[in-house]
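Notes to accompany the following structure.
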Amino acid sequence: MQQFLFTVATALKKYTFAVMAALHIGMIADKKNIIPQLTMLKPVIFDLGCGTFKQQSHWIGVDMLDTSAADIIGDVYEVIKALPDNCADEIHAFHFFEQLPHIPALLIEISRILKPTGFIEVVVPHFSNAYFYSDYTLRHFFGLNSFSYLIKDNLLKRKVPQYSIDTGLQLKSIFLHFKYPWIINRPFRTFFQLLFNTSNFMKEWYEDSRSSNIFCYEIQFILTKL
């Protein structure tokens, strides 16, 4: 009977969080009581939007749904706001930012919680990725300059306006990934990846002149605190 009640309670908990997430109602569940211990943990590494799989087992998984990989459950904006200043050594977000409604607001909060030597790694689909268009849940296109509108950029030659948004972050590096699932294309895409990542000039030249016929799968951005 106790096992049955536990199973029902667990199912109701997961259902409740699914409903709360769907309705965008603020609610946080710290499954392992991690937040009060952040000042004592070393290193502190977050995996935002981890889903059912964390890139590393010791990272702190954050997701809206109660999955096996999620350590903190809730809307990412609410979770980040609940974290103390200068607590994070690293933050990773793999194919998560393209689903967010308000990227500038999240970047400002991420800058607040990053330690002075910390960084955030953001991996998102490139706008030339054909698979991007088949996923109706994705909200944003990304190119080399996408974050340059929101952060300090001393890497790229093309300059864009920042619209008076101060996120407190700067662009450290960019890497173009040309991986695709088809094995027959992998040798060619490995060559393109080596070629177009040789310099920032080659990355910009690729996007300006070659992205219409040579498709890039995703972009990796590394952002650091100013």
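Where a number appears in this text, it was derived from the coordinates with a stated rule and is not lab data. Computed from a predicted model, the values in this text were never measured in an experiment. As a convention, Cβ positions derive from the backbone with ideal geometry for all residues, glycine included, and neighbour counts pool all protein chains shown.
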Checked segment 146-163 for anything free of Cβ contacts under 8 Å to residues at least 40 places away in the same chain and either closer than 18 Å to Tyr77 by Cβ or surrounded by fewer than 17 Cβ atoms within 10 Å (Cβ to Cβ) (or both); matches are Tyr149, Asn154, Lys159, Val160, Pro161, Gln162, Tyr163
Among residues of segment 72-86 being out of contact with any helix residue (DSSP H, G or I) (no Cβ under 6 Å at 6 or more places or on another chain) and crowded, with 21+ Cβ neighbours inside 10 Å, the residue nearest to Glu218 (Cα to Cα) is Val76
Quick count over segment 168-226, residues being more than 21 Å from the chain's Cα centre (by Cα), surrounded by fewer than 16 Cβ atoms within 10 Å (Cβ to Cβ) and outside any helix (DSSP H, G or I), is 7
Inside segment 87-107, the number of residues satisfying the requirement of being assigned to a loop (DSSP other than H, G, I, E, B) and either touching a residue at least 40 places away in the same chain (Cβ under 8 Å) or buried (at least 17 other Cβ atoms within 10 Å of the Cβ) (or both) is 4
